[in-house]
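S.K.: Encoded as C-alpha coordinates, here's the structure I'll be asking about.
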(Lines give C-alpha, C1' and ligand atoms only; values in the text may rest on other atoms or scores of the structure.)
Protein backbone atom coordinates (compact mmCIF):
# COMPACT_ATOMS: atom_id res chain seq x y z
CA UNK A 1 0.00 0.00 0.00
CA UNK A 2 2.85 2.33 0.85
CA UNK A 3 4.43 1.78 -2.58
CA UNK A 4 1.16 2.61 -4.32
CA UNK A 5 0.80 5.81 -2.31
CA UNK A 6 4.39 6.77 -3.11
CA UNK A 7 3.83 6.13 -6.81
CA UNK A 8 0.63 8.20 -6.73
CA UNK A 9 2.39 11.12 -5.04
CA UNK A 10 5.25 10.94 -7.53
CA UNK A 11 2.86 11.00 -10.49
CA UNK A 12 0.85 13.89 -9.05
CA UNK A 13 3.99 15.89 -8.37
CA UNK A 14 5.39 15.27 -11.83
CA UNK A 15 2.15 16.30 -13.54
CA UNK A 16 2.14 19.62 -11.72
CA UNK A 17 5.78 20.15 -12.70
CA UNK A 18 4.95 20.03 -16.42
CA UNK A 19 5.27 23.23 -18.40
CA UNK A 20 2.05 24.65 -19.88
CA UNK A 21 3.18 23.40 -23.30
CA UNK A 22 3.64 19.87 -22.00
CA UNK A 23 0.32 20.01 -20.12
CA UNK A 24 -1.52 20.95 -23.33
CA UNK A 25 0.41 18.32 -25.29
CA UNK A 26 -0.53 15.62 -22.76
CA UNK A 27 -4.18 16.72 -22.78
CA UNK A 28 -4.25 16.54 -26.58
CA UNK A 29 -2.52 13.13 -26.61
CA UNK A 30 -5.00 11.75 -24.09
CA UNK A 31 -7.94 13.08 -26.13
CA UNK A 32 -6.42 11.46 -29.24
CA UNK A 33 -6.20 8.11 -27.45
CA UNK A 34 -2.41 7.99 -27.45
CA UNK A 35 -1.14 5.27 -25.13
CA UNK A 36 -4.61 4.06 -24.16
CA UNK A 37 -4.15 0.91 -26.25
CA UNK A 38 -1.36 -0.48 -28.40
CA UNK A 39 -3.85 -0.73 -31.25
CA UNK A 40 -4.83 2.97 -31.25
CA UNK A 41 -3.57 4.71 -34.37
CA UNK A 42 -1.70 7.54 -32.58
CA UNK A 43 0.11 4.97 -30.43
CA UNK A 44 1.05 2.75 -33.38
CA UNK A 45 2.31 5.74 -35.39
CA UNK A 46 4.23 7.22 -32.40
CA UNK A 47 2.11 10.32 -33.02
CA UNK A 48 0.60 11.60 -29.74
CA UNK A 49 -0.90 14.65 -31.45
CA UNK A 50 -2.39 12.63 -34.30
CA UNK A 51 -0.63 15.09 -36.60
CA UNK A 52 -1.53 15.01 -40.27
CA UNK A 53 0.94 15.85 -42.98
CA UNK A 54 1.11 19.42 -44.21
CA UNK A 55 2.31 20.23 -47.70
CA UNK A 56 6.01 20.99 -47.68
CA UNK A 57 6.49 20.07 -44.02
CA UNK A 58 8.71 17.20 -42.94
CA UNK A 59 8.98 16.78 -39.18
CA UNK A 60 12.24 15.69 -37.55
CA UNK A 61 11.90 11.97 -36.87
CA UNK A 62 9.17 11.52 -39.49
CA UNK A 63 9.58 8.21 -41.30
CA UNK A 64 6.45 8.22 -43.43
CA UNK A 65 2.72 8.74 -43.74
CA UNK A 66 -0.13 6.31 -43.38
CA UNK A 67 -2.83 6.00 -46.07
CA UNK A 68 -4.92 8.75 -44.42
CA UNK A 69 -2.08 11.26 -44.27
CA UNK A 70 -1.16 10.88 -40.60
CA UNK A 71 2.54 11.30 -39.86
CA UNK A 72 4.47 8.21 -38.76
CA UNK A 73 7.35 9.00 -36.38
CA UNK A 74 10.35 6.79 -35.69
CA UNK A 75 9.60 6.78 -31.94
CA UNK A 76 7.40 8.40 -29.30
CA UNK A 77 10.04 11.03 -28.48
CA UNK A 78 9.97 12.34 -32.06
CA UNK A 79 6.15 12.47 -31.98
CA UNK A 80 6.11 14.36 -28.69
CA UNK A 81 8.71 16.79 -30.00
CA UNK A 82 6.60 17.51 -33.10
CA UNK A 83 3.47 18.13 -31.03
CA UNK A 84 5.29 20.38 -28.57
CA UNK A 85 6.89 22.26 -31.49
CA UNK A 86 3.44 22.96 -32.92
CA UNK A 87 2.34 24.35 -29.55
CA UNK A 88 5.55 26.41 -29.26
CA UNK A 89 4.75 27.92 -32.68
CA UNK A 90 1.41 29.10 -31.32
CA UNK A 91 3.17 30.71 -28.35
CA UNK A 92 5.64 32.44 -30.69
CA UNK A 93 2.85 33.66 -32.99
CA UNK A 94 4.21 31.53 -35.86
CA UNK A 95 1.29 29.16 -36.38
CA UNK A 96 -0.56 29.41 -39.69
CA UNK A 97 -3.78 28.18 -38.13
CA UNK A 98 -3.97 29.12 -34.45
CA UNK A 99 -3.27 32.19 -32.38
CA UNK A 100 -2.91 32.67 -28.66
CA UNK A 101 -6.35 34.28 -28.64
CA UNK A 102 -7.96 31.12 -30.09
CA UNK A 103 -10.17 29.20 -27.70
CA UNK A 104 -10.01 25.43 -27.37
CA UNK A 105 -13.36 25.32 -29.17
CA UNK A 106 -11.93 27.32 -32.10
CA UNK A 107 -8.82 25.15 -32.18
CA UNK A 108 -10.96 22.00 -32.26
CA UNK A 109 -12.79 23.13 -35.41
CA UNK A 110 -9.58 22.80 -37.38
CA UNK A 111 -7.55 20.30 -35.35
CA UNK A 112 -9.97 17.52 -34.48
CA UNK A 113 -12.36 15.23 -36.28
CA UNK A 114 -14.26 14.10 -33.17
CA UNK A 115 -16.96 16.35 -31.71
CA UNK A 116 -15.96 15.21 -28.20
CA UNK A 117 -12.27 16.13 -28.64
CA UNK A 118 -12.61 19.66 -27.28
CA UNK A 119 -14.55 18.48 -24.22
CA UNK A 120 -11.91 15.84 -23.51
CA UNK A 121 -9.00 18.28 -23.84
CA UNK A 122 -10.75 20.84 -21.65
CA UNK A 123 -11.53 18.20 -19.02
CA UNK A 124 -7.93 16.95 -19.08
CA UNK A 125 -6.72 20.51 -18.44
CA UNK A 126 -9.43 21.41 -15.92
CA UNK A 127 -10.68 24.35 -18.01
CA UNK A 128 -13.72 25.19 -20.14
CA UNK A 129 -13.91 24.86 -23.91
CA UNK A 130 -13.98 28.67 -24.12
CA UNK A 131 -10.56 29.03 -22.49
CA UNK A 132 -8.00 30.69 -24.74
CA UNK A 133 -4.67 29.12 -25.60
CA UNK A 134 -3.02 32.20 -24.04
CA UNK A 135 -4.66 31.36 -20.72
CA UNK A 136 -3.68 27.69 -20.96
CA UNK A 137 -0.12 28.42 -22.05
CA UNK A 138 0.44 31.33 -19.63
CA UNK A 139 1.16 33.77 -22.47
CA UNK A 140 1.20 37.31 -21.11
CA UNK A 141 -1.01 39.81 -22.92
CA UNK A 142 0.62 42.06 -25.49
CA UNK A 143 0.40 45.70 -24.53
CA UNK A 144 1.19 48.36 -27.06
CA UNK A 145 1.64 51.98 -26.14
CA UNK A 146 1.68 55.00 -28.36
CA UNK A 147 2.03 58.62 -27.60
CA UNK A 148 -1.27 60.46 -27.58
CA UNK A 149 -0.60 63.85 -29.12
CA UNK A 150 -3.07 66.67 -28.72
CA UNK A 151 -3.42 69.94 -30.55
CA UNK A 152 -2.94 71.85 -27.31
CA UNK A 153 0.26 70.12 -26.18
CA UNK A 154 2.30 73.16 -27.30
CA UNK A 155 0.50 75.30 -24.70
CA UNK A 156 1.69 72.99 -21.94
CA UNK A 157 5.22 73.16 -23.28
CA UNK A 158 5.25 69.61 -24.57
CA UNK A 159 6.72 69.93 -28.03
CA UNK A 160 6.49 66.45 -29.51
CA UNK A 161 8.55 67.01 -32.66
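S.K.: Can you tell me how many residues within the stretch 42-78 are surrounded by 14 or more Cβ atoms within 10 Å (Cβ to Cβ) and touching a helix residue (DSSP H, G or I) at 6+ places or on another chain (Cβ under 8 Å)?
M.R.: Count: 15.
S.K.: Here is a follow-up. Hand me the list of helices (runs of 4 or more DSSP H) wholly inside the stretch 99-138 holding 3 or more residues that are at pLDDT 95 or above and closer than 13 Å to residue 25 by Cα.
M.R.: Details: elements: 104-111, 117-125, 133-136.
By residue number, 117-125.
S.K.: Residue 148 is checked against (1) part of a loop (DSSP other than H, G, I, E, B); (2) buried (at least 17 other Cβ atoms within 10 Å of the Cβ) and fails just one. What number does that condition carry?
M.R.: The one condition residue 148 does not meet is (2).
S.K.: Here's a follow-up. Hey, any hits in the stretch 103-124 for a residue that's in contact with a strand residue (DSSP E or B) (Cβ under 8 Å, 6 or more places away or on another chain) and surrounded by fewer than 18 Cβ atoms within 10 Å (Cβ to Cβ)?
M.R.: The answer is no; no qualifying residue exists.
The values are calculated or read from the model by the stated rules, or taken from the named source; none is laboratory data. What you are looking at is a predicted structure, and each value in this text was computed from that prediction instead of being measured. Every residue, glycine as well, gets a Cβ built from its backbone with ideal geometry; the counts of neighbours run over all protein chains shown.
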